[in-house]
Amino acid sequence: MIGRIIGAAVGKRMAGRHQGAKGMLIGALAPTVIRRAFGPLGLAIGGGYLAKKYYDNRKTHRPKY
């Protein structure tokens with residue numbers, strides 16, 4: 001049930017002003033895509049992305065002595 005609620009919210013957000021069948025299809029597929037995306041490969045890609053953002057942030061805010 002929670003997956004359907006999340007799917008409806010994601011579908012509504014992604015469809016934007018094109019309400020109707022497009023939003024419904026995106027909302028119906030969103031929970032499946034989210035489940036697949038956050039598997040081990042998705043976590044590894046997400047972790048790499050966060051590590052790069054952290055590294056870039058540290059590099060730009062490093063004090064210059």
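Of note:
- Model label points for Ala44 and Thr32, set 7 angstrom from Cα along the Cα-to-Cβ axis, are 2.5 nm apart.
- Label positions at Ile2 and Met24, each projected 7 Å from the Cα along the C-beta direction, are separated by 2.7 nm.
Bear in mind these aren't lab numbers, they're just calculated from the coordinates by the rules spelled out. Everything numeric here is computed off the predicted structure, so don't read it as measured data. Heads up, the Cβs are rebuilt from the backbone with ideal geometry, glycines too, and the neighbour counts pull from every protein chain shown.
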